[in-house]
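Here it is, the structure, as structure tokens.
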Amino acid sequence: MKVGVDYYPEHWDVAMWEQDARQMREAGIKIVRLAEFAWSRLEPTEGQFDFDWLDRAIAVLSGQGLEVVLGTPTATPPVWLTTDYPDVLPVDNKGHTHYAGVRLHRCYNSPSLRKYGARIIEKLTQHYGSNPAVIGWQTDNELAANDCHCENCTRKFRSWLQEKYKTLPELNREWGTVVWSGEYSDWAQVKTPLGGSPFLNPSFLLDFRRFSSDTVADFNRFQAALLRENSPGKFVTHNLWGYPVSADYYDMFDSMDFASVDYYPATDLLDDSKSRMYHGALTLDLTRGVKQKNFWVMEQLSGTPGCWYPMSRTPFPGMIRAYAWQSVSRGADTIVQFRWRSARIGAEQFWHGLLDHHGEPGRRYKEFVQFSEEVNRLAPLLEGTTLDNDVAMLFSHEQLNAFQIQPQADGFDYLTNFKSLHTGLMSMGVSTDVLNWRSDFQGYKLVIAPMLYLINDEIADKLREYVSNGGKLVLTTRTGVKNMNNVCLPNRLPNLLTELAGVYVDEYDPVGKDTQKILLQNDQAYSCSQWCDVLTPVTAETIATYESEYFADRAAITRNVVCAGSVYYIGTILDADANRALLRRIASEAGIDFQLNVPEGVEVTTRSTEGRSLRFILNLSKDSKVLSIPKGDYVSAISGDRLQGGIIELQPGEVEILVQGTEEGYSKLWQSRN
């Protein structure tokens, strides 16, 4: 377990490097990421390479005992490259070139990008592959599908479709191009979705997103192969940007040793438009699920964000430390803060780092140093621990993309609704693995598979097997609507899962923001919105009924017993209170331990290994919170005090880590405290 910083020595006077490196070491920093945007300094003109400055920077850092992660610089092609080889630049759906000057201005299918990208990566790996200070590599930066419509992408997309569908008649049939006279009679007619209309054929649009995602994954594999060839034995990772993005992270990371994420929890009010971009704990659980193992945070919030929008709020006292521990609590083994110094030049001058523009340590820096000291002290205790959860939620980039292509109702959003279920589990103290929906989930006590809008026999069979073996499954509205080519299926919803769910959808009402009422079996009334499936149970029992409008008294939520398992079908989008009430019932049936009424803003998670477990209790809010902990023999990893459970009070931003274990496990604690 280590802490680090992102550093840009090329932005600062050489005379400052020694001071920075020394101060980093004194702050407990072990790792520094470098060079991911430095192509123009590494290759100032075509074929002329200059590594002297980076050699010196690495020597200064390693002289203070700091390890280095190098980034490949392909996210920012230099001006000479985009000027002399314009095919590097992507083209939008109106035929306009994306010009250089920001970043990520590159087409993954550009022959020139591949040629000169390979050359700079080969030069870097040949030069630094055996450098003992360089421990690993980060590919590019925040890869995402860039919706390119250049000639190279058009040709590649056409080939991708030919590989998938073989013949034009098959493509026409699977896409349903007969609608609006869209049938193709020659492969040369098939282009990328030009014009940007959201009303183009939805099968066409989904396949283009898949193609774009496959292109990103191939670009990452291309880099990984080069890195491993010349730098064997050193890790390769990538820093994903938080959700939602159109590229499929599960494919993108198949060539990586582990996942990394850039994590900027919202500093603004919860209803602020910027804060809705960030998904907090869900982002971290999604990242852990990408490779189904612990991960790194390659960029962690250090100060006020600001560049792509007006500046956000300054992190409140305790926030930097608390959210860094949140990342650790959900599986991060290394936390790298963005950035060491706030930039004085360029577009990100107001995306603040640990040190403000004046360079003098302040409140945020001191808070980071506290976190760093704690991590370094507790590293023996954290070593080898990970999360071992009984609940899995199945996430799908394909569903996300399909819902974005054809919005279902006013306010209906795949990721937001996914997050509401995830939040409901967190409010009970239940930690969750978020998995690729195609992964093996058979070993979990409870599986939540929300909004399986696209479905095929493969996933339907896996769900049947899981339930038949005693699993508890939760399905939701908008399940079984379409096949994998984004074409509506012909039978009653939920189609391939109707028999498993023991219920069918008689009709549905996209109620949007018109709030409706439901009544759970305990006669408690709750609210719902967005969508209402009017259900007809066949073998299922009714768990909740609607209590409003023309579908009053009709089934809204059902439960079906299948062999040793059971299936819940939630036919609407429940409010937070209803989610908690229903999930408590389901968790209890599944035999999952949960703690009722975790206060809003508080998170409880557990990392464990043989001999010890660490329960993280984090107050991520600006208010004091009170929480009841089950009785037990605990030792605080923070203070060293012994506790027996019961009521604990957490101040704003306060962190508690309670250790339970065998005597051998406790010895790790005493080792960390000495």
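Tell me the residue from Glu43, Glu10 that is charged (D, E, K, R), in the same structural domain as Val236 (by TED's automatic domain parsing) and buried (at least 18 other Cβ atoms within 10 Å of the Cβ), please.
Result of the check over Glu43, Glu10: Glu43.
Is there a residue being hydroxyl-bearing (Ser, Thr, Tyr), over 22 Å from the mean Cα position of the chain (by Cα) and at negative phi anywhere in the range 595-607?
Within the range 595-607, not a single residue is hydroxyl-bearing (Ser, Thr, Tyr), over 22 Å from the mean Cα position of the chain (by Cα) and at negative phi.
Tell me whether the range 351-365 contains one or more residues that are buried (at least 18 other Cβ atoms within 10 Å of the Cβ), among the small types (Gly, Ala, Ser) and in a helix (DSSP H, G or I).
No, the range 351-365 contains no residue that is buried (at least 18 other Cβ atoms within 10 Å of the Cβ), among the small types (Gly, Ala, Ser) and in a helix (DSSP H, G or I).
For (1) of a type in the set (Lys, Arg); (2) over 23 Å from Ser212 (Cβ atoms); (3) touching a strand residue (DSSP E or B) at 6+ places or on another chain (Cβ under 9 Å), each residue gets a yes or a no:
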| position | (1), (2), (3) |
| --- | --- |
| Ala402 | no, no, yes |
| Leu421 | no, yes, yes |
| Asp433 | no, yes, yes |
| Asp440 | no, yes, no |
| Val447 | no, yes, yes |
| Leu454 | no, no, yes |
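Tell me which residues, restricted to the range 165-205, are of a type in the set (Phe, Trp, Tyr) and either within 18 Å of His149 (Cα to Cα) or part of a loop (DSSP other than H, G, I, E, B) (or both).
Tyr184, Trp187, Phe199, Phe204
Looking only at the range 625-640, count every residue that is under 30 Å from the mean Cα position of the chain (by Cα) and not small (Gly, Ala, Ser) and tell me the total.
Final tally of qualifying residues: 5.
Could you list, in sequence order, all residues of the range 564-607 that are in a strand (DSSP E or B) and of a type in the set (S, T, N, Q)?
Passing the criteria: Ser566, Thr572, Thr605, Thr606.
Could you tell me whether any residue of the range 463-474 is of a type in the set (Ser, Thr, Tyr) and surrounded by fewer than 21 Cβ atoms within 10 Å (Cβ to Cβ)?
Checking the range 463-474: at least one residue is of a type in the set (Ser, Thr, Tyr) and surrounded by fewer than 21 Cβ atoms within 10 Å (Cβ to Cβ).
If Ser342 passes every condition in (1) hydroxyl-bearing (Ser, Thr, Tyr); (2) surrounded by fewer than 22 Cβ atoms within 10 Å (Cβ to Cβ); (3) in the same structural domain as Asn483 (by TED's automatic domain parsing) but one, which one does it miss?
Checking Ser342 against (1) hydroxyl-bearing (Ser, Thr, Tyr); (2) surrounded by fewer than 22 Cβ atoms within 10 Å (Cβ to Cβ); (3) in the same structural domain as Asn483 (by TED's automatic domain parsing), the one that fails is (3).
Looking only at the range 524-546, how many residues end up being within 22 Å of Arg584 (Cα to Cα) and in a loop (DSSP other than H, G, I, E, B)?
Residues meeting the conditions: 2.
Kindly establish whether Gly424 is out of contact with any Pro (no Cβ under 6 Å at 6 or more places or on another chain) and touching a residue at least 60 places away in the same chain (Cβ under 8 Å).
yes
Check Val447 against each of (1) part of a strand (DSSP E or B); (2) over 30 Å from Ala332 (Cβ atoms) and name the one condition it does not meet.
The single condition Val447 does not satisfy is (2).
For the list (1) in contact with a Leu (Cβ under 8 Å, 6 or more places away or on another chain); (2) outside any helix (DSSP H, G or I); (3) of a type in the set (Lys, Arg), I need the number of the one condition that Arg438 fails.
So the condition that Arg438 fails would be (1).
Of the residues that sit in the range 635-667 and are under 11 Å from Arg612 (Cα atoms) and touching a Gly at 6+ places or on another chain (Cβ under 7 Å), which one is modelled with the highest pLDDT?
Filtering the range 635-667 for residues that are under 11 Å from Arg612 (Cα atoms) and touching a Gly at 6+ places or on another chain (Cβ under 7 Å), the one modelled with the highest pLDDT comes out as Gln660.
Anything in the range 608-658 that is without any contact (Cβ under 8 Å) to a residue 24 or more places away in the chain and within 18 Å of Arg321 (Cβ to Cβ)? List them, or say none.
The answer is Ser636, Ser639.
Further question on the same structure: When the residues of the range 171-205 are narrowed to those that are surrounded by 13 or more Cβ atoms within 10 Å (Cβ to Cβ) and without any contact (Cβ under 8 Å) to a residue 24 or more places away in the chain, which ends up nearest to Val245 (Cα to Cα)?
Per the criteria, the residue is Leu200.
Is there any pair linking a residue in the range 517-539 that is in contact (Cβ under 8 Å) with a residue 40 or more places away in the chain and more than 23 Å from Gln408 (Cβ to Cβ) to one that is in a strand (DSSP E or B) and of a type in the set (Gly, Ala, Ser), with Cβ under 6 Å and at least six apart or on different chains, and which?
Close Cβ pairs satisfying both conditions: Leu520/Ala544.
Which pairs turn up if I take residues in the range 206-232 that are over 17 Å from Asn152 (Cα atoms) and look for partners that are small (Gly, Ala, Ser) and in a helix (DSSP H, G or I) with beta carbon separation below 7 Å, at least 6 apart in sequence or on another chain?
Partner pairs satisfying both residue conditions: Leu206/Ala402; Leu226/Ala118.
Here are Pro265, Pro310, Pro315: which of them is under 22 Å from Leu650 (Cα atoms), touching a Lys or Arg at 6+ places or on another chain (Cβ under 9 Å) and in a loop (DSSP other than H, G, I, E, B)?
Pro315
Same structure again: The conditions are (1) assigned to a loop (DSSP other than H, G, I, E, B); (2) at negative phi; (3) in contact with a Ser or Thr (Cβ under 6 Å, 6 or more places away or on another chain), and Gly384 fails exactly one of them. Which is it?
(2)
Considering the range 93-139 alone, what residues qualify as being over 29 Å from the mean Cα position of the chain (by Cα) and among the charged types (D, E, K, R)?
Within the range 93-139, Lys94, Lys115, Arg119, Glu122, Lys123 meet the criteria.
Arg155 versus (1) under 30 Å from the mean Cα position of the chain (by Cα); (2) outside any loop (DSSP other than H, G, I, E, B): which is the lone unmet condition?
Tallying (1) under 30 Å from the mean Cα position of the chain (by Cα); (2) outside any loop (DSSP other than H, G, I, E, B), Arg155 fails exactly one: (1).
Still on this structure: Evaluate the following for Asn389: is it more than 25 Å from Gly640 (Cβ to Cβ) and assigned to a helix (DSSP H, G or I)?
no
The values are calculated or read from the model by the stated rules, or taken from the named source; none is laboratory data. Just so you know, these numbers come straight off a predicted model, no measurement behind them. Using ideal geometry, Cβ is built from the backbone for each residue, glycine included, and neighbour counts are taken over all protein chains shown.
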